[in-house]
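What follows is a short report on a single structure.
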Amino acid sequence: MINVLFVCLGNICRSPMAEAVFKHLVEKENLSNHVQVDSAATSSWHIGDPPHRGTVAKLNEYNISSNGLTGRQLQKDDFENFDYIIGMDENNVGDIRQMFGQPDHPKIIRFLNLTNHQKDVPDPYYTGDFQETYDLVSEGCQALLEKIKMEQVELSS
Ligand code: 4NP
């Protein structure tokens, strides 16, 4: 099993959106038996909370399920339990590295570094623009799946 974890500040806007979009993609490609997806926050602010209504509305618009998405905080053993730990922005990546004491491990990745954008995923909690975030998350998810397919022998058939 390949384990993917998306991380943002609150775990109510960007990372649950990425979790839902990536799960949807994995299901579409019949890879659910091989790839597991989760998300977490660097903060403790929204533990147990459902995603932001803007994230839920955007997922609904694309017929992507937001069932079961619940805020949780990143924890130390996530480092061992996940193969890809994807931060939405540079601050998230810094916090993840610090929590794990892993300054340069290649499994910790800034999401859009996998695309041509090389920038942070804008936080719709502040921008209010869930469409912009959705478009970038969607592009990032495609790129991540391509990377995983190239790197993981269990998916090559
Ligand atoms: P997220 O956005 O990191 O994409 O989930 C935020 C959610 C909540 C807060 C900040 C950012 N907050 O300040 O509660």
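The values are calculated or read from the model by the stated rules, or taken from the named source; none is laboratory data. Just so it is clear, the structure is predicted and the values come from calculations on it, not from any experiment. Here the Cβ is made from the backbone with ideal geometry for all residues, glycine too, and neighbour counts use every protein chain on show. Side chains included, ligands, DNA and RNA excluded: accessible areas come from the protein's heavy atoms. Shrake-Rupley method; radii C 1.70, N 1.55, O 1.52, S 1.80 Å.
Given a 1.4 Å probe and every protein chain left where it sits, what share in percent of the accessible area of the stretch 16-115 is carbon and sulfur?
Its accessible area is 43 percent carbon and sulfur atoms.
A simple rule links phi to the HN-Hα coupling: the Karplus curve 6.51 cos²θ - 1.76 cosθ + 1.60 with θ = phi - 60°, which for the stretch 83-92 gives 8, 10, 10, 10, x, 6, 8, 4, 5, 4 Hz, with x for Gly and Pro.
Between Arg53, Arg72, Arg14, which gets the highest mean-square fluctuation from a Gaussian network model of the chain, Cα cutoff 10 Å? Among Arg53, Arg72, Arg14, the largest GNM mean-square fluctuation belongs to Arg53.
Helical content of the chain, expressed as a calculated mean residue ellipticity at 222 nm, amounts to -12500 deg cm²/dmol (DSSP H runs of 4 or more residues, -39,500 (n - 2.57) each, divided by residue number, nearest 500).
Qualifying chymotrypsin sites (Phe, Trp or Tyr not before Pro) in the stretch 13-78, where qualification requires a DSSP coil assignment and no more than 13 other C-beta atoms within 10 Å, comprise Trp45, Tyr62. Taking amide H atoms as placed 1.01 Å from N in the peptide plane, the amide H of Val35 lies under 5 Å from those of Ile2, each 5 or more residues away in sequence or on another chain. Considered as an equivalent ellipsoid built on the Cα gyration tensor, the stretch 30-88 has semi-axes of 21, 18, 9 Å, the largest given first.
Summing charges over neighbours of Gly94, with a neighbour being any other residue whose Cβ is under 14 Å away from its Cβ, gives -3 when K and R count +1 and D and E count -1.
Cβ under 9 Å from Asp120's Cβ, Asp120 left aside: what net charge do those residues give with Lys, Arg +1 and Asp, Glu -1?
Net charge in that neighbourhood comes out at -1.
Listed by chain and number, the aspartates and glutamates whose C-alpha is less than 14 Å from the C-alpha of Lys76, apart from same-chain residues fewer than 8 away, are Asp95.
Using the Kirkwood radius over C-alpha pairs as Rh, can you work out the diffusion coefficient of the chain via Stokes-Einstein at 10 °C, viscosity 1.306 mPa s, in µm² per second? My calculation gives 103 µm²/s for D. For the pair Asp49 and Val153 in one chain, pulling the backbone fully straight at 0.36 nm per residue adds 33.8 nm over the alpha carbon distance.
Heavy-atom accessible surface of the chain, averaged per residue, reaches 49 Å², computed with a 1.4 Å probe.
With a cut-off of 13 Å between beta carbons, the residues surrounding Leu155 carry a summed charge of -3, where Lys and Arg count +1 and Asp and Glu -1.
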